[in-house]
Every structure is written in C-alpha cells, then in structure tokens.
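*Asks:* Let me begin by handing over the structure; questions about it come next.
Here, each number is a calculation from the coordinates, and none is a lab measurement. These numbers come from a predicted model, not from an experiment. Heads up, the Cβs are rebuilt from the backbone with ideal geometry, glycines too, and the neighbour counts pull from every protein chain shown.
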Amino acid sequence: MNTLDHILGEAYPITEEQISWYQENGFIKLKHVFGQETLDFFNKEITRIVHERNPLLKKTMEERTTFEKAFIQIGNLFRIDETVKKLVLSKRLGKIAADLMQVEGVRLYHDQALYKEPTGKTSNITPWHADQYYWPLDTLNTVTAWIPLQRTTREMGPLAFSMGSQKYDFGRDLEISDKSEDKIQRALAEANLEFIDTGFDVGEVSFHSGWTFHRASANTSDKVRAVMTIIYMEDGIKVSEFRNKNHILDRDAFLPGLNPGDLAISEMNPLIYKNQK
Ligand SMILES: O=C(O)CCC(=O)C(=O)O
C-alpha cells in the first residue's frame, strides 16, 4: 500500500467529548486531520480541475450574482478524477462522519470544490444558510466535511458557524441569497447564539450538520481560498418529498432516477464507511 492510501485509510481518533460537542453544537473543527504534504498534493490536483472547468471564467465579479460571487463551485469530482476519488471515498473522513453522527455507515451524497477568490473591492461573502434546505433527504443525519487545502486565515473567508443553530427552524426555507443573509442574521442575533468565526490551521477540517446555519466572510486577502467539501448521509435513509425546486435539481444531480420513499442509493452514492462489528 502506498503512503497516500495509508493516510486515507488510517482512522482519526474521535473522543466521546468530541462526539457530544458535535451533537450539542451542530459542528466541530478537528485539527491535524491531514498533514501539509497531503494537502499540497490534493490542492494541486483539485485546483487544476477547478481551473479547467471554471464556469465563471468569463464573468467579472461585478457581473456575478451573490451566489456566483461567493465561490467557484465544481461538483462530483469523484467522477472526474481517480486521485480525488480517493479523498472523497476515504475511510479516514468517512469514519469521522459516521462517528460524529453516531451511525453505523455513511454514503456519499455529493462532493464539491468551493474556491473563494480574492475580491478586490467587491464583497464575496457566503450568505447565511443551512445546506439541508437544498437536499431531498429524509433524515437529520447528514454532515459536510469542509476541507481547506491550505492554512485559511480570517481574511480568506473561513467557514463560520452559529453554535447550536441546528435546533432552530427559522430560515430553513431560504436559499443562499442576500435575503438569507439578512433574515437569518437577524434571527440568530435574536436567539443569542454564539458565532464562531476563526481561521483554520493546516490540516484542520470542520464537520457541520445539514441544518446548522453557517456563512463565510469575503476573501479580502490576496490568495484564493481553496476548499474541498464532501457531504455524507447515513446509509439506509430515504429520499424525502420534493418541497422546492432545488430538491428536484439535487435529485437529478445526486440521486438520479430516485423518487420520494426510495432508498437514497444510486451509482452517485457509494458506501464510504460501514462499522464492522
Ligand atoms: O465555502 C463556503 O464559503 C461555503 C461552504 C458551505 O456553505 C458548505 O460547505 O456547506
């Protein structure tokens, strides 16, 4: 087995305290999940793909919508590149996801690279939102691994979280927009929830639950904020009713051919980790 396969297959030890913290607060930031060399390796590979496929190349910042300003988004990299597939399907990350959610197994919902460019004068925040608004999944057991591919300072727009906000249902019907930024910001302030907005060290990875509210500041640095994300769902869950237009778009992209009530299993949703008891 080569070194990369070894690193990606090795278990990251999660403590009972970390599991409780994640379940209480709806997210957790874990240090030393990867080393510098592994990050540099994937940064190079993923950045090449993002450059090749960037759909926003011809639009200036000023011409973009709020969503387009926030990041360049390239999805399903595990279908594009055999090397990135190893990261997306890695047991190391899959087991963390299963441990945090306290489930026996996890499947891929989807993966995406999210590159936040340096903005110059134009703001490119990621507005407040909860991911599961987009997902037709009949479960609370979903989690996103947000993997910065370099050290990410406050100036680069790291992901920031509202602690415990997964327990609130205001703003769950809002897609990422100026309106979600405004309305959710106000509701969270009224609820007095703590806001965690800190940089990420090299190798630090966050995991947030599908209904946890999060945002990111603009990238005011002079470097691109390169990030890979992997979204996991509990193995054995079902497709929910389609409650908005994004549910149908997501079904078409990540659950092809499936309908409400079906098991959320398609060729796009490989099993990543199963606890061998
Ligand atoms: O990277 C960002 O700015 C936003 C990421 C995000 O919302 C997510 O991964 O759920």
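*Asks:* What's the Kirkwood radius of the stretch 1-118 in Å, using all Cα pairs?
*Replies:* When all Cα pairs of the stretch 1-118 are included, the Kirkwood radius is 16.3 Å.
*Asks:* Can you pull the one-decimal nm distance between simple spin-label points at Asp182 and Ser20, each 7 Å off the Cα toward Cβ?
*Replies:* Roughly 4.2 nm, to one decimal.
*Asks:* Can you show me the helix-derived [θ] at 222 nm for the chain, built from DSSP H runs with n ≥ 4 at -39,500 (n - 2.57) apiece and divided by the number of residues, rounded to the nearest 500. Let's see the in-between values first.
*Replies:* Details: 8 runs with 82 residues, N = 277.
Computed mean residue ellipticity for the chain: -9000 deg cm²/dmol.
*Asks:* Using the alpha-carbon centroid of each, what span in Å lies between the stretch 244-277 and the stretch 32-59?
*Replies:* 25 Å
*Asks:* Trypsin sites (Lys or Arg not before Pro) within the stretch 97-140: which are DSSP loop residues with at most 10 other Cβ atoms inside 10 Å?
*Replies:* Working: sites: Arg107, Lys116, Lys121; in loops: Lys121.
Answer by residue number: Lys121.
*Asks:* Using the crude model of +1 on Lys and Arg Cβ and -1 on Asp and Glu Cβ, and no other charge, please compute the dipole size for the chain relative to its Cα centre, in debye to 20. If you can, show how the numbers build up before the last one.
*Replies:* Values: 34 positive and 40 negative charges, 88 e Å.
Its charge dipole is roughly 420 debye.
*Asks:* Counting other Cβ atoms within 10 Å, which trypsin sites (Lys or Arg not before Pro) in the stretch 131-214 have at most 16 and lie in a DSSP loop?
*Replies:* Passing sites in the stretch 131-214 are Arg151, Arg172.
*Asks:* Answer rounded, prolate or oblate for the chain, using the Cα gyration tensor with square roots of eigenvalues a ≥ b ≥ c: rounded when a/c is under 1.5, else prolate when a/b is larger than b/c, else oblate.
*Replies:* Details: a/c = 1.25, a/b = 1.09, b/c = 1.15.
Rounded, because the longest to shortest axis ratio a/c is under 1.5.
*Asks:* Something else now. Using only Cα atoms, locate the centre of the stretch 149-165 and the centre of the stretch 195-238, then give the distance between them in Å, rounded to an integer.
*Replies:* 7 Å
*Asks:* Ignoring GluC sites (Glu not before Pro) that are buried or in helix or strand per DSSP, and keeping those with at most 15 other beta carbon atoms within 10 Å, what is the longest stretch of the chain between them?
*Replies:* On the way: sites that count: Glu10, Glu104, Glu175, Glu194, Glu241, Glu267.
So the longest stretch without any such site is 11-103.
*Asks:* Among Ile46, Ile248, Ala145, whose Cα projects farthest towards the positive end of the dipole of the chain, with charges put on the beta-carbon of Lys, Arg (+1) and Asp, Glu (-1)?
*Replies:* Farthest towards the positive end: Ile46.
*Asks:* Less than 9 Å Cβ to Cβ from Ala98, Lys/Arg counted +1 and Asp/Glu -1: what total charge do the surrounding residues give?
*Replies:* -2
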